[in-house]
Amino acid sequence: MKTEIIDVSSDRIQKDTIKHIAKTIQDGGTVAFPTETVYGLGANALDTKAIQKIFEAKGRPSDNPLIVHIAEITQVETLAKDIPVMAYRCMERFWPGPLTLVLKKRDAVPQMVTGGLDTIAIRIPNHPLALAILKESKVPVAAPSANLSGKPSPTIAQHVIEDLNGRVDVIIRGGEAKVGLESTVLDMTCDPPMMLRPGGVLPEQLVEVCGQISMSPSLLRELNPGEVAKSPGMKYKHYAPKAQVIVVCGDPKKQVEKICELRERLEKSGKKVGILATTESLQYYTSNCINMGSALHPEEMASNLFQRLRKFDELGIEVILSESIEEKGMGLAVMNRLLKASGYTIENV
Ligand code: TXA
Ligand code: MG
């Protein structure tokens, strides 16, 4: 398949280009576009043939449901039913933005979109280009992250091109996805609502609106045998670079000592080792060390993380030793992705 790559700058969005992209979606094609979180691979959510193309292009397991993107809150009622008042409050407060709400689905939504579940995940992204496409195409757009299944989500167009060139109809080159990690997923079909994936909207912010939320037990640990993932995406190894990732947890100073010790041991056994460090402790390491951002600003780390993981692959690193940060605020989402990337390979100090 020949992929058309289109350059669009967010501050000069051309009507004709948007019309062309929207037509591709209406005609059942696949389009990779930027959002504020990560790049998404979109297709008409009501067209099963188009949805099939997304699963094929990504190599995604068919039981992993997709997030449906819309332009206006009024569209929610065409996709979901029995919508709780609390869900409307969340929409008013956080949309457009990095929050996905899981609601009861209507029959009009194909089973393929929801991986056979009777619920549907919906969000309005906060990105001028994404919103222009969604408005113009006039259909709900199912869009998982625009990476090959299992790889880190793409935050720049170049990473989408690396994964999906030749596998999709259009890739839009539209700058950097600022948040850098995927949206927060909140299940509104239970009481209190349950966070299934941490992201750009923080638990503290959700508590302000919902009063109380619960956290899926799988946010920071592996599922036990027999435990069912409420969000099917959580059970797959995710966000993983080619290199093995080991996360070192505990007191920051001791983390540095442990990483230096592990590095020496691994290098002696012939491994090419990379270090993912906070800005604060960068000075303690020598070569192949990449700065993931300040531990005091986890949102900076969030926006860097996936790019950094891909960078290690470019450098041919075999083992990544990563520092960890507190699971507070955006730190929760950062640690959730890091631990998943490591397949929960943790060294406690
Ligand atoms: O920020 C984002 O959400 C990005 C951009 C493109 O919008 N999209 C994204 O999609 O991250 P994806 O497919 O990579 O992740 C969707 C997540 C998966 O973990 C999936 O299991 C969960 O949402 N999900 C989707 N529908 C669900 C449902 N009905 N119930 C529970 N979890 C659901
Ligand atoms: Mg994904």
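The values are calculated or read from the model by the stated rules, or taken from the named source; none is laboratory data. Model, not experiment: these values are computed from the prediction. We place every Cβ from the backbone using ideal geometry, glycine too, and count neighbours over all the protein chains shown. Ligands, DNA and RNA are excluded from the accessible area calculation, which covers all protein heavy atoms including side chains. Shrake-Rupley method; radii C 1.70, N 1.55, O 1.52, S 1.80 Å.
Considering Cα pairs under 8 angstrom that are at least six residues apart, work out the relative contact order of the chain and quote it in whole percent. Before the final figure, lay out each step's value.
On the way: 779 pairs, mean separation 67.4, N = 349.
It rounds to 19 percent for the chain.
Normalise the Cα radius of gyration of segment 200-349 by 2.2 N^0.38 Å (N = residues in it) and let me know the number.
Details: Rg = 15.9 Å, N = 150, 2.2 N^0.38 = 14.8 Å.
After normalising by residue count via 2.2 N^0.38 Å, the value is 1.07.
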What aspartates and glutamates sit close enough to Lys272 to cross-link, taking a C-alpha to C-alpha distance under 13 Å and skipping anything fewer than 8 places away on the same chain?
Glu264, Asp313, Glu314, Glu318
Mind checking the log10 I(q)/I(0) for segment 152-194 at q = 0.17, 0.18, 0.21 Å⁻¹? Debye, one equal scatterer per Cα, no solvent, two decimals.
-0.60, -0.63, -0.72
Using only alpha carbon positions, build the gyration tensor of segment 168-272, then give the equivalent ellipsoid semi-axes as the square roots of 5 times its eigenvalues, largest first, whole angstrom.
32, 22, 17
Over segment 248-349, average the accessible area per residue using a 1.4 Å probe and give it in Å², no decimals.
45 Å²
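Would you mind calculating the relative contact order of segment 38-123 from Cα pairs under 8 angstrom and at least 6 residues apart, reporting the percent as a whole number? Mind dumping the intermediate values first?
Details: 108 pairs, mean separation 33.7, N = 86.
Worked out over segment 38-123, it gives 39 percent.
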Taking only Cα atoms of segment 310-349, what ratio of Rg to Rh do you get with Rh as the Kirkwood inverse-distance radius?
1.00
Here the tail fraction of P(r) beyond 23 Å, over all Cα-Cα pairs of segment 13-119, rounds in percent to 32 percent
Give me the percent relative contact order of segment 229-335, please, defined on Cα pairs under 8 angstrom at least 6 residues apart.
35 percent
Do the sum for the chain: with -39,500 (n - 2.57) for every DSSP H run of n ≥ 4, divided by all residues, what is the mean residue ellipticity at 222 nm, to the nearest 500 deg cm²/dmol?
-9500 deg cm²/dmol
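What order do Leu99, Leu282 take when sorted by accessible area (1.4 Å probe), most exposed first?
Leu282, Leu99
Hey, got a sec? Which trypsin sites (Lys or Arg not before Pro) in segment 1-92 land in a DSSP loop and have at most 14 other Cβ atoms within 10 Å?
On the way: sites: Lys2, Arg12, Lys15, Lys19, Lys23, Lys49, Lys53, Lys58, Lys81, Arg89; in loops: Lys2, Arg12.
For trypsin sites (Lys or Arg not before Pro) across segment 1-92 that sit outside H, G, I, E and B with at most 14 neighbouring Cβ atoms in 10 Å, the list reads Lys2, Arg12.
Looking at the chain from every direction and averaging, what is the projected area of its Cα convex hull in nm²? Walk me through the numbers before you get to the answer.
Working: hull surface 69.6 nm².
Value for the chain: 17.4 nm².
Which sequence of Asp7, Asp313 reflects their accessible areas, 1.4 Å probe, from the largest down? Spell out each step's value before the answer.
Numbers: Asp7 110, Asp313 35 Å².
Descending accessible area places them as Asp7, Asp313.
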Per-residue accessible area for Met86 at 1.4 Å probe radius, Å² rounded to 10?
50 Å²
Pairs to check: Lys242/Lys328; Lys81/Lys328; Lys151/Lys311; Lys138/Lys230. Give those whose C-alpha atoms are more than 23 Å from each other in this structure.
Lys242/Lys328; Lys81/Lys328; Lys138/Lys230
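Rounded to whole Å and ordered largest first, report the semi-axes of the equivalent ellipsoid of segment 92-198 derived from its Cα gyration tensor (root of 5λ). Intermediate values should be presented prior to the final figure.
Values: eigenvalues 120, 53, 46 Å².
Working from the Cα gyration tensor, I get semi-axes of 24, 16, 15 Å.
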Just from the alpha-carbon atoms, what are the Rg and Dmax of segment 276-330 in angstroms?
11.1, 32
